[in-house]
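Report on one structure; see the data block that follows.
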Amino acid sequence: MNKLIILLVLVSILTSSCKKKICGVIQVISTETSPATGEPLYKFYLQSGEVIPSKSRGGYQVGQAYCND
């Protein structure tokens with residue numbers, strides 16, 4: 001029983017560290033200012049409803065495909 005619990009915990013830790021792949025078409029790009037550093041922060045709003053925070057705009061445009069590979 002203990003081995004099963006340890007195995008489940010290990011699997012949980014290993015799979016939670018995997019980065020979720022998100023792809024979609026950008027509908028809106030918003031710009032905010034970081035209250036801590038004063039640097040610009042960007043958010044990409046995808047057609048699928050996902051919101052992707054980013055520290056750089058990366059040359060992306062509205063209507064362009066986005067993937068976080």
Handout entry: Selection from the stretch 41-55 of residues that are surrounded by 10 or more Cβ atoms within 10 Å (Cβ to Cβ) and without any contact (Cβ under 8 Å) to a residue 12 or more places away in the chain
Key = 51
Practice task
Of the conditions (1) within 15 Å of the chain's Cα centre (by Cα); (2) open to solvent by 90 Å² or more (accessible area, probe 1.4 Å), residue 65 clears all except one; give me its number.
Solution key: (2)
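Matching residues to (1) assigned to a strand (DSSP E or B); (2) among the small types (Gly, Ala, Ser); (3) open to solvent by less than 60 Å² (accessible area, probe 1.4 Å):
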position: 25; (1), (2), (3): yes, no, yes
position: 29; (1), (2), (3): yes, no, yes
position: 35; (1), (2), (3): no, no, no
position: 38; (1), (2), (3): no, yes, yes
position: 57; (1), (2), (3): no, no, no
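The values are calculated or read from the model by the stated rules, or taken from the named source; none is laboratory data. Computed from a prediction, not measured in an experiment: that's the story for all the values here. We place every Cβ from the backbone using ideal geometry, glycine too, and count neighbours over all the protein chains shown. Heavy atoms of the whole protein, side chains included, go into the accessibility calculation; ligands, DNA and RNA do not. Shrake-Rupley method; radii C 1.70, N 1.55, O 1.52, S 1.80 Å.
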